[in-house]
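To start, the structure itself, in structure tokens.
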Amino acid sequence: MAKLWRRFTNVKVTYWFLFIYIGILLLSSAIVPFINDNSLIEKERAQENLEVKDLLKKLSKTGIAQIDQMYLLKESSFGEYQNQTLNVETSGEDTMIRVFVERKTSDDNKVEAFSISTEVIDGYDISNDLTPYNVMLKDNTLTIISPKKQYINIKIAKPPFPVRQFTGESIVNQSSTKWSQVVYLQIPYDLELMVEDGIFLEFIK
């Protein structure tokens, strides 16, 4: 009797574990779509949209005109600049800054600066949450001020381990981050730039 009871109990426990496991799979599949953060879903970019390398490549080839406004963090304009030279320097935590330079076809005595960024974490774009570079012009010196270190909390819901076994997603939790922030300058066609170390200039043809 004892042997029969143990055998019956073991079979029943096994069945219960199987039913519970299947229930978890079904429940997880039904709940996961409803617990995602809608604000992050709206910011998720399709595969054809820009990422870091594509953004820099597009800036190099076509300039700022073809860049989506969602990547433009800040714009600064300085008019009536009469000097023939402009010193460009940095201030803040970033010691290396990439600067794209576009020479205007006419001399309007105006220097314009744009902070452009794309930051993608696990496919979600948080560029608009970043603090942009601040660009200031005083006398004949343009200063690019990089922001202090930022802390951004992000919650991303992913299917649990049992569900990922059947959906084909990696069963290992992985995270990927792609980041880039650059400054884009539009300057009069005959203005000469003098830059300090740590600034990498790339002129747009």
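Of all residues being open to solvent by 50 Å² or more (accessible area, probe 1.4 Å) and not in a helix (DSSP H, G or I) in segment 56-78, which is modelled with the lowest pLDDT? Just the residue, please. Within segment 56-78, the match that is modelled with the lowest pLDDT is Asp68. Counting the residues of segment 53-81 that are farther than 20 Å from Lys110 by Cβ and touching a Lys or Arg at 6+ places or on another chain (Cβ under 7 Å) gives 1. Residue selection: Glu89 fails the criterion of being in contact (Cβ under 8 Å) with a residue 12 or more places away in the chain, more than 18 Å from Lys148 (Cα to Cα), of a type in the set (Asp, Glu) and not in a helix (DSSP H, G or I).
The values are calculated or read from the model by the stated rules, or taken from the named source; none is laboratory data. Keep in mind the model is a prediction, meaning the values are calculated, not measured. FYI the Cβ positions are ideal-geometry reconstructions off the backbone, even for glycines, and counts take in every protein chain you see. Protein only, heavy atoms only, side chains kept; ligands, DNA and RNA dropped before computing areas. Shrake-Rupley method; radii C 1.70, N 1.55, O 1.52, S 1.80 Å.
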